[in-house]
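In what follows, a single structure is set out as structure tokens and then discussed.
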Amino acid sequence: MRILKYISIIFLLVALAVFLRSTFSDYQEFGGKAFNTYYKIKIRTSVADKSLPEQVAKILQDVDAKMSVFREDSEISRLNRASAGEDFALSDDLSKVLKTAKRINKESNGAFDPAVAPLIDLWGFGPGHEFRAPSKQELSAVKAYSDFRKLNFSKDYKNVIKKDGRTSLNLSAIAKGYAVDKVAESLDNLGFRDYIVEIGGELRLSGKRDEEGNLWNIGIGVPLRHYKGNALVMEISDYAVATSGDYRNFIEEDGKVFSHTISPQTGQPVKNDLASVTVFAPTCMEADAYATAIMAMGKQKGLELANKIKLPIILFTHNPKRGFDMESSKQAQQLIGLGHGND
């Protein structure tokens, strides 16, 4: 009986230790795979919510079911198969994304354009394709219907009609950011205030990282291939952050490097003075889209747009001698001032 008593006491002590650890832990962290990449959630909380991982996974699955071109049954795939003149009803989520996409398409003078999907497929960057450099004639033919202006939206953005049945959309430069926002919104609704939501490098930061009131630390990577260090480390919060660069997604063929980002104007992979651009915005959906737009525009036009709409951005340009140079918009200067220097 005494042995059983000791065993019971030990069991209770272990259970109490596990309970205290789960109850008074500084952070709750979890993650997984989504959108062909990985996600991570970090919440500063004294009470871990065991249901959160499942809730977040469901949110990401729902966004994927609506906006993934890799799924034939997704809402965006059904829209891409719609005929010219067909009145297509949009879900609330897709309506929000396309309304924002339309605004940024206009602000960037077409540099951000989800309707480059046929061009992405033509170059072999889309699902089920292999890379190949198309002819000038092919580019010209496909460019004719790879244009966001080929879609007519209702005033409330609840419906859309394609002018050309061949026009199709790829939301890879905005959907991931929207998914970050959806997760962040769910955390806000549950009462969490201090967290980081990250999907494939796209971030949304809220509140503080500790009780002393310190902000979250983020690093902006060195824009060089096969290099993992940080060019800049910053303390920041209450922003969404997205980075686009020619060193991330590319294909090397016969000694030439082709970026996965397609210029809507030329129909070809982007090739300019920019190595990368990091955008800070109220929502990750906007940061994601603006990063792609500015990457396609190049340094000068990108800075002009950022300063015009008061968007904080940090640019890295190629420099044959030093590797890269850093520039920023006026609104980014204060953010850079919070940094801890180079890493």
Among (1) part of a loop (DSSP other than H, G, I, E, B); (2) modelled with pLDDT of 90 or more, there is one condition A240 misses while meeting the rest; what is its number? (1)
Condition test on G165, is it in contact (Cβ under 8 Å) with a residue 24 or more places away in the chain and either within 18 Å of R71 (Cβ to Cβ) or surrounded by fewer than 21 Cβ atoms within 10 Å (Cβ to Cβ) (or both)? yes
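Mind checking which residues of region 303-317 are more than 20 Å from C284 (Cβ to Cβ) and surrounded by 17 or more Cβ atoms within 10 Å (Cβ to Cβ)?
Keep residues of region 303-317 that are more than 20 Å from C284 (Cβ to Cβ), which gives 303-304, 307-308, 316-317.
Residues satisfying the conditions are L303, F316, T317.
Can we say L79 is at pLDDT 95 or above and over 30 Å from I196 (Cβ atoms)?
So L79 passes the test.
Results for (1) touching a residue at least 60 places away in the same chain (Cβ under 8 Å); (2) within 19 Å of the chain's Cα centre (by Cα), shown as yes or no for each residue.
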{"site": "I43", "(1), (2)": "yes, no"}
{"site": "S46", "(1), (2)": "no, no"}
{"site": "M67", "(1), (2)": "yes, yes"}
{"site": "E72", "(1), (2)": "no, no"}
{"site": "S77", "(1), (2)": "no, no"}
Can you tell me which residue within region 279-300, out of those that are without any contact (Cβ under 8 Å) to a residue 40 or more places away in the chain and of a type outside the set (A, V, I, L, M, F, W, C), is nearest to N105 (Cα to Cα)? G298
Only one of K5, K50 is surrounded by fewer than 17 Cβ atoms within 10 Å (Cβ to Cβ), among the charged types (D, E, K, R), outside any helix (DSSP H, G or I) and modelled with pLDDT under 95, namely K50
Restricting region 282-302 to residues that are among the small types (G, A, S) and crowded, with 22+ Cβ neighbours inside 10 Å, the one farthest from S237 (Cα to Cα) turns out to be A296
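This table checks each residue for (1) buried (at least 22 other Cβ atoms within 10 Å of the Cβ); (2) farther than 28 Å from R103 by Cα.
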residue	(1), (2)
D156	no, no
L169	yes, no
V180	yes, no
E211	no, yes
V233	no, yes
Within region 215-229, is even one residue aliphatic (A, V, I, L, M), under 30 Å from D147 (Cβ atoms) and modelled with pLDDT of 80 or more? no
Quick check: is even one residue across region 8-28 surrounded by 10 or more Cβ atoms within 10 Å (Cβ to Cβ), of a type outside the set (S, T, N, Q), outside any helix (DSSP H, G or I) and modelled with pLDDT of 95 or more? no
Tell me, please, whether a residue that is among the charged types (D, E, K, R) and crowded, with 19+ Cβ neighbours inside 10 Å can be found in region 320-330. no
Could you list all residues from region 122-148 that are of a type in the set (D, E, K, R) and either surrounded by 14 or more Cβ atoms within 10 Å (Cβ to Cβ) or under 20 Å from R81 (Cβ atoms) (or both)? E138, K143, D147
Take S135 and tell me if it is polar (S, T, N, Q), more than 25 Å from D64 (Cβ to Cβ) and in contact (Cβ under 8 Å) with a residue 40 or more places away in the chain. no
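The values are calculated or read from the model by the stated rules, or taken from the named source; none is laboratory data. Everything numeric in this text was worked out from a predicted model, so none of it was measured. Neighbour counts are summed over all protein chains in view; Cβ atoms, including those assigned to glycine, are modelled from backbone coordinates with ideal geometry.
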